[in-house]
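Taking it in order: structure first as structure tokens, then the write-up.
The values are calculated or read from the model by the stated rules, or taken from the named source; none is laboratory data. On a predicted model such as this, the values are computed, not experimentally measured, just so you know. Positions of Cβ are generated from backbone atoms using ideal geometry, with glycine treated the same way; all protein chains shown enter the neighbour counts. The area values use the complete protein model at the heavy-atom level, side chains included, leaving out ligands, DNA and RNA. Shrake-Rupley method; radii C 1.70, N 1.55, O 1.52, S 1.80 Å.
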Amino acid sequence: MLVAGSQRCPSGLEERLGCGALRGEEDRGIKVPRQLGRGPSAFIPLEEILQEGVESSRRQLLIEAFVSAGRVDNITMVMGLHPQYLSSFWKTQYLLLRMDGPLPYHKRHYIAIMAAARHQCSYLVGLHMGEFLQVGGNPAWLQGLHCAPQKLRNLNEINKLLAHRPWLITKEHIEGKDALQEVEALMERMKLLQESQQEEEGVTQEEMATRFELEKTESLLVAPSDLADHSLQSSVLCFVEDPEFGYKDFTRRGEQAPPTFRAQDYTWEDHGYSLINRLYPDVGQLLDEKFQVVYNLTYNTIAMHCGVDTSMLRRAIWNYVHCVFGIRYDDYDYGEVNQLLERSLKIYIKTVACYPEKTTKRMYAQFWRHFKHSEKVHINLLLLEARMQAALLYALRAVTRYMT
């Protein structure tokens, strides 16, 4: 991974970082993610992260991060190569995790653990385990998802869909049905099925065979992914149900794909932004700022060239991420993607966006070999935000349909 899975704590800061608490819980049998590498990134040499971008704006942001959270984590160190984006990202993270909101702090961090565990990110799982304990979370929950309250466990289904196949999200995933409502809904469905069977007594064998083939085809869309990584750490696995569920190509040969998401029908600017601001004031503004900052971020350089307009390249990367998640822009010429994104870069983009746990240093090294590490970090920031917006569009569209 671009950000290393380090859990080592600086001397004298263990209690403030939550690492001491984690070690204490480990003594009680809770599995804690282990250190996977040294330094903030497994891909970028530590010296380069410390040397690049040491201007005062970056230094001030790192100081603010330390004062606010008691640490400068690996993600902040890597994102610090782009101070303007880090500032926007940090404000959003601070609001979601540390400001007053509808969820208690410990539940916010537990949800973060669940999200990180889906992509086997041991670093973030460990980070939020420490935060969870610091804000008074019940240590027993860290034994696994099965020990968490039912309301949190109910998020598992939408969590795995958001992580791997957001196009499968429907308004039914948004409804908060209780057990009684679920029973009533089931009864209603059975009643309707019985009525339809009575009306279709004369169905031919050919029609029955057709329906079977249709059901068989549809079942392919929910089959366990053959890309599952069975080497998942047990310390992470306990927070994941259905670990075989993963990203599946939106369009597969010989199979009927889900409907393409036409971006013009439900846009972030016209629909998603206003809805999320209604549900969680100020968050829409911060998310929009973050999307805009990273999409427009440029130093007008490419490798050793200066004075370059990179807008077309940034747009190709953003739209390619959305493309692999089934989102199409009618006004965009996708021929630009093939022209601008070489195969090794496409492999890296799809891997990071769809199954980041499979990203390797070799993939990172194979694309854009003459580019600076800071430019490759910029690519990862674009992937991060494009991927997030894609999932939000599917989820918010489902919320809109539920509300209407």
Worksheet item: How many residues are part of a helix (DSSP H, G or I) and open to solvent by 40 Å² or more (accessible area, probe 1.4 Å) if we restrict to segment 88-139?
Response: 13
Worksheet entry | Enumeration of residues in segment 383-395 that are closer than 16 Å to T92 by Cβ and not charged (D, E, K, R) | L384, A386, M388, Q389, A391, L392
Worksheet item: Considering segment 49-100 alone, what residues qualify as being among the small types (G, A, S) and over 21 Å from the mean Cα position of the chain (by Cα)?
Response: G53, S56, S57, A65, S68, A69, G70
Fill in: Count of segment 360-390 residues which are touching a helix residue (DSSP H, G or I) at 6+ places or on another chain (Cβ under 6 Å) and not in a helix (DSSP H, G or I)
1
Worksheet item: Does segment 140-154 hold any residues that are surrounded by 19 or more Cβ atoms within 10 Å (Cβ to Cβ) and part of a helix (DSSP H, G or I), and which are they?
Response: W141, L142, L145
Discussion item. Testing R262 on (1) open to solvent by less than 80 Å² (accessible area, probe 1.4 Å); (2) touching an Asp or Glu at 6+ places or on another chain (Cβ under 9 Å), one condition comes back false. Which one is that?
Written reply: (1)
Response to the item:
(1) among the β-branched types (V, I, T); (2) over 22 Å from L161 (Cα atoms); (3) modelled with pLDDT under 85 all hold for T260 apart from (2)
Worksheet item: Within segment 378-388, is even one residue more than 18 Å from the chain's Cα centre (by Cα) and outside the structural domain of I49 (by the TED database)?
Response: no
Worksheet entry | Residue list for segment 319-335, restricted to those being in contact (Cβ under 8 Å) with a residue 12 or more places away in the chain, assigned to a helix (DSSP H, G or I) and open to solvent by less than 40 Å² (accessible area, probe 1.4 Å) | N319, Y320, V321, H322, V324
Worksheet entry | Filter result for the condition that a residue is outside the structural domain of S374 (by the TED database) and at pLDDT 85 or above, over I63, I49, I44 | I44
Item to complete: Evaluate the following for G284: is it at pLDDT below 95, out of contact with any His (no Cβ under 7 Å at 6 or more places or on another chain) and surrounded by 18 or more Cβ atoms within 10 Å (Cβ to Cβ)?
Response: yes
Discussion item. Would you confirm whether or not segment 293-312 contains a residue that is open to solvent by 30 Å² or more (accessible area, probe 1.4 Å), in a helix (DSSP H, G or I), modelled with pLDDT of 90 or more and assigned by the TED database to the domain that holds Y266?
Written reply: yes
Worksheet item: G29: at pLDDT below 65 and touching a Cys at 6+ places or on another chain (Cβ under 9 Å), yes or no?
Response: no
Worksheet item: Do we have N338 as closer than 27 Å to P258 by Cβ, of a type outside the set (G, A, S) and in a helix (DSSP H, G or I) here?
Response: yes
Worksheet item: List pairs: first in segment 372-385 and farther than 16 Å from L287 by Cβ, second basic (K, R), Cβ under 9 Å, 6+ apart or cross-chain?
Response: H378/R314
Item to complete: Among residues belonging to segment 107-157 that are touching a helix residue (DSSP H, G or I) at 6+ places or on another chain (Cβ under 8 Å) and among the charged types (D, E, K, R), point out the one that is nearest to T359 (Cα to Cα).
Response: R118
